[in-house]
Amino acid sequence: MTYTADKPPLAEPVESLRARIPGWGVDLDPTDRPSNPKLDFRGDRTGAHWDFPERQPEKWPRERSIEHKFLTPVFGTACPPRGLSGAIRKLAYARYSEGRAAHWLLLLGADRVDAVEHHVASLLSLHPDNPITETGVRAELNHHGLSSRLGQRRADLVHQALDPVVVAGPWIGAFRLARTGARALARTAGRS
């Protein structure tokens, strides 16, 4: 069983494995293995006071891979899934195996959706994000940004022309969307 000191049973007998797979079992004899003392399990030497670790309490339903019978004994709780991004993450774990690209693409998409959710929440709060100070633009001007790039043979020089587009693009898009929405509301209010 996983997470215990017990060795899992073999799927088929040793003799059939030896007959089917050339070289199988050459290290079965512990004296032939150079790492033998390290592999020798002695409970008194490890300091472990348990056979199976205590399970961490699950305060909300956690995402769990469909390959596993249950959650690991210890898991992260810093960022519980919430909103649309949480629903996408739950879908990725509930439907797709970790060996499928769809699982990881859904998780990447959920991260992007989470970023958008946080940007929208920031815009709606009383303290919105400040793109000038939080993206490093001020450091570019004050801490030798240009001289650190020129003549240094840096690998990131190729994409530096796109950096302003990537950083400022979403803010410009959000501003245009807000302006279009405000104009639509003004037209609607003017007609009534």
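The values are calculated or read from the model by the stated rules, or taken from the named source; none is laboratory data. Note that the coordinates shown come from a computational prediction; the quantities given were computed from them, not determined experimentally. Here Cβ is always computed from backbone atoms with ideal geometry, including for glycine, and neighbour counts include all displayed protein chains.
When residue 97 is tested against the conditions (1) at pLDDT 80 or above; (2) over 16 Å from the mean Cα position of the chain (by Cα); (3) over 30 Å from residue 27 (Cα atoms), the lone failure is (2).
Can you find, within the stretch 12-42, the residue that is surrounded by the most Cβ atoms within 10 Å (Cβ to Cβ) among those that are at pLDDT 80 or above and among the β-branched types (Val, Ile, Thr)? It comes out as 14.
Every residue in the stretch 43-57 that is at pLDDT below 70 and closer than 30 Å to residue 78 by Cβ, please.
Those that are at pLDDT below 70 and closer than 30 Å to residue 78 by Cβ: 46, 47, 48, 49, 50.
The residues of the stretch 70-111 that are β-branched (Val, Ile, Thr), closer than 24 Å to residue 53 by Cα and surrounded by 12 or more Cβ atoms within 10 Å (Cβ to Cβ), listed by number, are 72, 77. Test residue 78 against the stated conditions and say whether it is without any contact (Cβ under 8 Å) to a residue 24 or more places away in the chain and assigned to a helix (DSSP H, G or I). Criteria not met by residue 78.
Of all residues in the stretch 104-154, those being more than 27 Å from the chain's Cα centre (by Cα) and within 30 Å of residue 63 (Cβ to Cβ) number 0. If the condition is being of a type in the set (Lys, Arg) and surrounded by 10 or more Cβ atoms within 10 Å (Cβ to Cβ), then the stretch 112-156 contributes 112, 138, 149, 154. Against the conditions (1) of a type in the set (Asp, Glu); (2) under 12 Å from the mean Cα position of the chain (by Cα); (3) farther than 30 Å from residue 172 by Cα, residue 63 satisfies every one except (2). Of note, residue 63 satisfies the criterion of being within 30 Å of residue 79 (Cα to Cα) and modelled with pLDDT of 80 or more.
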